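The values are calculated or read from the model by the stated rules, or taken from the named source; none is laboratory data. Everything numeric here is computed off the predicted structure, so don't read it as measured data. With ideal geometry, Cβ positions are generated from the backbone for all residues, glycine too; neighbour counts draw on all protein chains shown. Protein only, heavy atoms only, side chains kept; ligands, DNA and RNA dropped before computing areas. Shrake-Rupley method; radii C 1.70, N 1.55, O 1.52, S 1.80 Å.
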Amino acid sequence: MKPYDNRAWFLVLPALVIMTFVGILPLVAVTNYSFQDLFSLNNPYWVGLDWYRNIVTSERFYASLLRSFLFAAIVLSIQLPLGIWIALLLQRSHRFIVSTVLVLITLPLVVPWNMIPVIWLNFINPNAGLAGRLLAWLGAGFDYKFNPLHTWIVLVVMDTWHWLGLVVVLAYAGISGISPAYYQAAAIDAASQWQVFRFIQLPKMKTVLSMAVLLRFMDSFMIYVEAFRINAGGPDSATAFLSLDLGEEIQAFNYGPSAARSMVYFLIVLTVAWTFKAATSTRAPVAMEPAK
């Protein structure tokens, strides 16, 4: 039996060092600051759980929490089915079409986050933007500045344009990894296209789709740049998400409350991710086994 070599741990040492400096140490520092009133970093004042108590008893916190969950739910309910559908279409397409579509649909992923709202603000500008002028010509009366529904539409469409490519790539990777033997077995059993998707493709995509859900939830739940640049949380706080409340605290130099908010948000995301992982691991659908 080959002896176990502990020197292999040295291979992960660089990653552990990086995670310590960019993840663990900042988390410890923010946790410490959340229990203090920081007039300055050199003059902290211990307040205990006061900042946390103020947050959980604030009506504004629960309103922002509801809006953040609602936005994450909307974008997931759109991007996940749409991404899977596009991946299924690509599976039956020519290789050149697949390559072209994948390149085009993933281009928004490389655009810097701070440029995404700038691009869309110009795109929906009624005086110069293509979409804005088209809507004005149709007499749609689209007003994202003062109509909450229109603001939400802009944010959802913009987020979908930005991140749909991630879901498509992950879903297509999952489908491409399915052995042809499964499809041959399904053809022998005269399985319908829906049965192939339900009992073969969807279970085989479980891992990559779980990754897509978690990544998209964590990002959409804490959306900041897009919502701030489009309408700064307006109109009438209709798009005031949790991240925008945190941004206001930081800009007001309220480091203690902002640290407490960061910890609360971190615990919310961690709880949702753990719950999702536990729920998906409890009962996993079993894919049809090919005939032998």
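Remark: pairs (first residue in the range 59-73, touching a residue at least 40 places away in the same chain (Cβ under 8 Å) and surrounded by 13 or more Cβ atoms within 10 Å (Cβ to Cβ); second residue among the β-branched types (Val, Ile, Thr) and part of a helix (DSSP H, G or I); Cβ separation under 7 Å; 6+ apart in sequence or on different chains) = PHE61/ILE55. Only one of the listed residues (VAL103, VAL111) is of a type in the set (Val, Ile, Thr), touching a residue at least 24 places away in the same chain (Cβ under 8 Å) and either open to solvent by 30 Å² or more (accessible area, probe 1.4 Å) or closer than 24 Å to THR239 by Cβ (or both). That residue is VAL111.
Looking only at residues that are among the small types (Gly, Ala, Ser) and surrounded by 21 or more Cβ atoms within 10 Å (Cβ to Cβ) in the range 227-239, which one is farthest from PRO117 (Cα to Cα)?
Narrowing the range 227-239 to residues among the small types (Gly, Ala, Ser): 227, 232-234, 237-238.
Cutting the leftovers down to surrounded by 21 or more Cβ atoms within 10 Å (Cβ to Cβ) gives us 227, 233.
Values: ALA227: 8, GLY233: 13 Å.
Looking at the filtered set, the residue picked out is GLY233.
Pairing residues of the range 26-49 that are surrounded by 11 or more Cβ atoms within 10 Å (Cβ to Cβ) with residues that are of a type in the set (Val, Ile, Thr), at Cβ distances under 6 Å and at least 6 apart in sequence or on separate chains, gives ASP37/VAL47. Screening PHE276 on (1) at pLDDT 90 or above; (2) farther than 24 Å from ALA29 by Cβ; (3) in a helix (DSSP H, G or I) shows it passes everything except condition (1).
Could you please tell me which pairs satisfy a Cβ distance under 7 Å, a separation of 6+ or placement on different chains, a first residue in the range 118-140 that is open to solvent by 90 Å² or more (accessible area, probe 1.4 Å), and a second residue that is modelled with pLDDT of 90 or more? Pairs found: LEU130/PHE123.
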